[in-house]
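> Below are the structure tokens for one structure; questions will follow.
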Amino acid sequence: MKRGLVLLAVVVCGMTTATAAETPKTAVLSAADREFFERKVRPLLSQHCYQCHSTKSKKQRGGLLLDSRSTAMNGGDSGPVIVPGRPDDSLLIRAVRHKDERVQMPPKGKLPDRDIAVLVEWVRRGAPFPDAGPAVTTGRTIDLVEGRKFWSFQPLRLGRSLALPAVRDRSWASRRIDTFLLAAMERRGLAPSPPADRRTLIRRVCFDLIGLPPSPEEVEAFVADRRPDAYEMLVERLLASPHHGERWARFWLDLGRYCDIAEPWATTKGHPFVYRDWIVRALNADVPYDRFVALQLAADQVSGARPEDHAALAFLGLSPTYWKELKLDKDVIKTVVAEEWEERIHTVASTFLGLTVACARCHDHKFDPITQKDYYALAGIFASTREADRPIIPEPDATKVLKARDEVQKLQEQIDKLRKGMVTPASQQQVRDLESRIARLERTTPYFNTGLAPGVEDASLFVLPDGPHKTKLEYKPGVAQDVPMQVRGNPANPGPVVPRRFLSVLSPAKPKPFQRGSGRLELATAIVNEGASLAARVIVNRVWEHHFGRGLVETPSNFGMEGARPSHPQLLDDLAVRFVASGWSLKWLHREIVLSSAYREVGQVANLPAPKAGWQPAPQETIDPDNRWLWRANPRRLEIEAWRDAMLAATGSLDRHLGGAPLDLGAADNHRRTLYGTIKRRELHDMLRLHDFPDPTTHSAGRTPTTTPLQQLFVLNSPFVQQQAATLSRRLHVEASDTEARVRRAYRLLFARPATDAEVKLAVEFLTPASEAAWQQYAQVLLGSNEFLFID
């Protein structure tokens with residue numbers, strides 16, 4: 001009992017102090033809520049409410065105005081209509097739900113359930129409402145010339161590095177990065193911290209480049225290696241490791257809302273994991289980023305692409321799809337289709353360009369120089385594209401797989417029909433015979449289970465009436481279409497047709513209409529040509545963020561006017577210019593960052609040396625408590641993937657082979673890296689859900705670490721953690737002969753450092769008398785400690 005209470009206190013205290021060790025972030029406030037409002041809420045208010053409840057209304061009703069936060073919070077003649085955070089108590093929500101006969105809005109009819117859900121979510125979030133003047137309900141002319149003056153739309157001087165700033169202390173900088181950072185520090189009376197010790201450094205760079213901890217033997221070898229280029233050699237070894245692609249693939253999959261199990265009505269049957277494995281291979285092979293982009297948007301049209309590269313099309317092929325009930329009117333289904341276009345535009349523009357283009361669906365973008373025509377120019381691309389399985393094997397095997405899959409589908413339809421009918425001995429035998437034929441086809445067809453990926457193909461979708469209040473969908477393969485603007489985002493109110501093309505603000509002249517098929521390849525080409533400056537800045541910033549814990553731009557998917565401004569704009573531009581000059585090499589970018597002196601700084605303030613006698617500057621922590629100017633390294637918490645993988649590595653049970661089908665993370669015998677755990681789009685595994693894993697239904701710009709009681713309970717009660725504690729205990733007993741030696745071995749395995757005498761003494765006291773339960777409790781405490789959970 002005493003041991004259990006001690007264990008509980010140690011684990012809980014260690015976990016609840018996590019937030020204190022994390023680096024505070026000063027990202028633009030409510031960036032996610034602002035985007036949610038502009039993409040989802042404002043279009044609804046504009047379409048259904050502003051006619052009677054805005055400052056532009058010809059006749060205002062009920063004294064209620066909904067086109068600014070202040071007026072919306074004031075309410076109308078009936079009092080406040082919004083209670084932030086409490087949808088059920090908000091008159092607005094009761095009105096749109098039509099539950100109260102006395103007040104039902106809009107008066108023309110109840111909103112669809114999905115629109116009501118948006119308003120409910122908005123109020124639940126606290127009714128965030130950007131106060132930037134009245135909503136855009138009438139024509140507002142966007143000045144592209146003026147818009148292009150904004151910092152992120154400025155063209156880079158490709159081929160020419162920026163001039164280095166002058167600094168007083170030239171001895172510290174080992175890379176150009178350092179000179180830019182040092183100049184910013186010196187202007188603010190800051191100085192860089194000394195380098196971290198070698199044990200800290202190897203643990204840091206191993207987690208950053210391959211997502212796994214170094215072994216005790218690797219740590220000791222690096223500490224003992226006195227060659228001047230020992231660190232450089234370590235970095236090269238890690239960049240060449242096949243595990244590098246596994247580490248960085250997971251960051252990319254967050255952007256592309258990857259999942260292994262999509263919606264039950266999804267039309268593609270190919271295996272999503274072949275896309276995940278393609279990303280791993282592409283990153284390991286250092287595929288140039290411009291080609292990496294092109295293959296994910298149009299591998300079926302890229303010159304020189306191999307059949308296996310068609311797996312890259314799952315970036316679009318795994319897009320969320322929404323149920324289309326064909327018993328409903330065509331205008332309802334057109335709205336569903338329009339929502340899918342918006343999702344594709346949002347993901348593509350946010351991922352590759354860091355722009356919230358989807359906010360221009362109902363009107364010109366409220367903040368950025370992006371017009372509604374720009375939005376529908378991109379919408380035409382996705383209106384001309386549909387999800388389709390793509391073969392990733394060469395002919396004639398691809399044809400054989402497609403033929404076998406068609407036959408299996410027909411056989412399965414026969415089985416389903418038999419099972420719906422009357423069950424008889426004869427029908428049961430027929431089912432068995434059909435199942436046997438399916439099994440034989442799957443067994444005898446080469447590549448049956450890995451030959452297809454969920455991709456896309458050029459085909460236009462037309463939503464047509466099919467009798468009174470019914471709809472049919474008609475695809476025309478190989479046909480592209482331009483789509484009309486939708487007035488206020490309403491498909492039932494079409495405007496002029498807009499040719500497919502690139503964004504005007506990123507085009508040096510009037511953008512040319514896309515002519516080749518859907519335009520996917522032309523879009524990819526434009527992103528890394530006309531949009532090269534912005535695309536390079538965006539990906540450089542994403543990589544920087546994962547190495548330093550914060551981006552140079554703290555809103556990685558919003559480089560527009562509502563996003564954060566860069567802390568070091570010249571550094572960002574210099575890195576972007578040289579990244580393009582390197583041939584868009586991501587490994588070059590990693591190398592440049594981790595070899596910098598800034599990356600190698602000590603992280604903990606307590607480890608900094610005392611000021612010299614007689615020199616009393618203002619403490620650096622006081623000048624820059626947020627470490628925005630990077631005078632020290634940022635302590636960072638491991639993501640759930642790296643944390644789980646590190647446990648498996650420490651216990652010696654990690655299965656390191658690459659690729660393959662996903663496995664249930666809850667399975668006791670699943671010792672594979674977390675990257676290979678099954679991701680369900682609509683039902684995340686508890687282990688992921690509790691530890692800040694992003695929502696796979698949408699593009700995720702980044703993860704926000706949280707510390708919650710449920711995470712603490714996971715450390716205490718999770719079968720996985722308990723299993724790893726038991727496995728670690730067994731390993732320690734095999735590898736060391738007595739209690740003290742086992743404790744010292746545990747510290748080297750988990751923390752890459754020797755245990756102090758005080759730590760050994762405390763552990764020996766706890767473990768006396770020794771028992772299997774005591775050792776498992778002790779191992780569980782170490783696995784749940786902050787030192788194991790954090791880098792630095």
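The values are calculated or read from the model by the stated rules, or taken from the named source; none is laboratory data. Because the structure is predicted, anything quoted here is derived from the model rather than measured. Note that we place each Cβ from the backbone using ideal geometry, even for glycine, and neighbour counts take in every protein chain shown. For the accessible areas, the whole protein counts, side chains as well, though only heavy atoms, and no ligand, DNA or RNA atoms are used. Shrake-Rupley method; radii C 1.70, N 1.55, O 1.52, S 1.80 Å.
> How much accessible surface area, in Å² rounded to 10, belongs to the heavy atoms of residue 89 with a 1.4 Å probe?
So the heavy atoms of residue 89 present about 80 Å² to solvent.
> Now for a separate question. Tell me which chymotrypsin sites (Phe, Trp or Tyr not before Pro) from the stretch 323-413 have a DSSP coil assignment and no more than 11 other beta carbons within 10 Å of their own.
323
> Can you list the residues, at least 5 places off or on another chain, whose amide H is less than 5 Å from the amide H of residue 460, using H built in the peptide plane?
476, 478, 479
> Could I ask something else about it? Please work out the Cα center distance from the stretch 344-386 to the stretch 146-204, rounded to the nearest Å.
33
> Once every DSSP H run of n ≥ 4 in the chain is given -39500 (n - 2.57) and the sum is divided by its residues, what mean residue ellipticity at 222 nm do you get, rounded to the nearest 500 deg cm²/dmol?
Helices in the chain give a 222 nm mean residue ellipticity of -13500 deg cm²/dmol.
> Further question: Got a number for carbon plus sulfur as a percent of the chain's accessible area, 1.4 Å probe?
Looking at the chain in its full context, I get 55 percent from C and S.
> Picking from 556, 462, 234, whose Cα lies most toward the positive end of the charge dipole for the chain (charges on Cβ: Lys, Arg +1; Asp, Glu -1)?
Among 556, 462, 234, the one farthest towards the positive end of the dipole of the chain is 462.
> So if R0 is 60 Å, what FRET efficiency would residue 621 and residue 509 give, r being the distance between their Cβ atoms, rounded to the nearest 0.05?
0.75
> Once both labels are modelled 7 Å past Cα along the beta-carbon direction, what's the residue 723-residue 149 spacing in nm?
6.1
> What accessible area per residue, rounded to a whole number of Å², is obtained for the chain using a probe radius of 1.4 Å?
Using a 1.4 Å probe on heavy atoms only, each residue of the chain averages 44 Å².
> Could you give the length gained by full extension between residue 667 and residue 435, i.e. 0.36 nm per residue of separation minus their alpha carbon distance, to one decimal place?
80.7 nm
> Still on this model: Report the full-extension gain for the segment residue 164 to residue 329: residue separation times 0.36 nm, less the Cα-Cα distance, to one decimal in nm.
Fully extending the segment from residue 164 to residue 329 adds 53.2 nm.
> In whole Å, how far is the Cα centre of the stretch 629-690 from that of the stretch 550-569?
Cα centroid to Cα centroid, the span is 29 Å.
> How would 56, 476, 40 line up by accessible area, probe 1.4 Å, largest first?
Largest to smallest exposure gives the sequence 56, 476, 40.
> Still on this structure, I have one more. Using Cα pairs under 8 angstrom and six or more residues apart, how large is the relative contact order of the chain, in percent?
For the chain, the relative contact order is 18 percent.
> Ok, one more. Which residues' amide hydrogens lie under 5 Å from the amide hydrogen of residue 663, considering only partners 5 or more residues apart or on another chain, with H built in the peptide plane?
677, 678
> Could you list the residues of the stretch 268-308 with an amide nitrogen less than 18 Å from a label point located 7 Å from the Cα of residue 658 in the Cα-to-C-beta direction?
273-289, 292, 306-308
> With label points built 7 Å along Cα→Cβ from the Cα atoms of residue 443 and residue 426, find their separation and express it in nm.
2.8
> Still on this structure, please answer the following. What three numbers, in Å, describe the spread of the alpha carbons of the chain along their principal axes, ordered from the longest?
82, 79, 59
> Past 29 Å, Cα to Cα, is the threshold; run 334/680; 56/510; 327/373 against it and keep the listed order.
Over 29 Å apart, Cα to Cα: 56/510; 327/373.
> May I pose another question? For the chain, with only Lys/Arg (+1) and Asp/Glu (-1) charged at the beta-carbon, what is the dipole magnitude about the Cα centre, in debye rounded to 20?
The dipole of the chain has a size of about 1220 debye.
> Rounded, prolate or oblate for the stretch 403-483? Axes are the square roots of the Cα gyration tensor eigenvalues, ordered a ≥ b ≥ c, and the cut-off for rounded is a/c under 1.5.
oblate
> Along Cα→Cβ, 7 Å out, is where each label goes; now give me the distance between the ones at residue 412 and residue 462 in nm to one decimal.
My value for the distance between the label points is 3.0 nm.
> So, in Å, what gap is there between the alpha-carbon centers of the stretch 34-83 and the stretch 221-288?
46
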